[in-house]
Amino acid sequence: MLGLTILIGFAFLGEFLSIFLNLPLPGNVVGLIIFIGSLFLGIIKLDWVESASSVIVRHLAFFFIPIVVAIITVVPTLLENIFIIIVGVTLSTMAVLLTAGWTVKAVVARKFGREG
């Protein structure tokens, strides 16, 4: 029970800090960063949260049910815009791949010279 209390406490702390400090990160991410920092600094012992976290990880699929239900409710909107979505995803993927390729090519050319 202590482990679950610690995990929930960090989640609430992250939410509070995210709202209070007007951070651009979601509260759960802020809480996770603080939690990991506390683990590395030895403030929180892994033994305290290990059993609670393993239960959460074991039932992780259960936490995706609300997301699936939300997606099901917007299926008509997705189907209306499927062509635009496919074009947008394809073009953005190609842009990322080309940019990454050109960047790697430029870095390699700069590091090893133009010949090789």
Fill in: Relative contact order (%) - criterion: Cα under 8 Å, at least six apart; region: the chain
19
Discussion item. If I stretch the segment between Ile86 and Val55 completely, what's the gain in nm (0.36 nm per residue apart, minus their alpha carbon distance), one decimal?
Written reply: 7.4 nm
Response to the item:
By Cβ neighbour count within 10 Å, fewest first, Ile56, Ile6 rank Ile56, Ile6
Response to the item:
Computed over the chain: longest principal axis from alpha-carbon atoms vs helix 46-58 long axis, angle to nearest 10 degrees, is 60
Worksheet item: Which one, [x] 35, 31, 30; [y] 51, 30, 21; [z] 59, 49, 32, gives Cα extents along the principal axes in Å as derived from the coordinates shown?
Response: [z]
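Computed from the coordinates by the stated procedures, all read-outs in this text should not be read as laboratory data. Worth saying up front: this structure is predicted, and the values here are computed from it rather than measured. All Cβ positions, glycine included, derive from the backbone under ideal geometry; neighbour counts span all protein chains shown.
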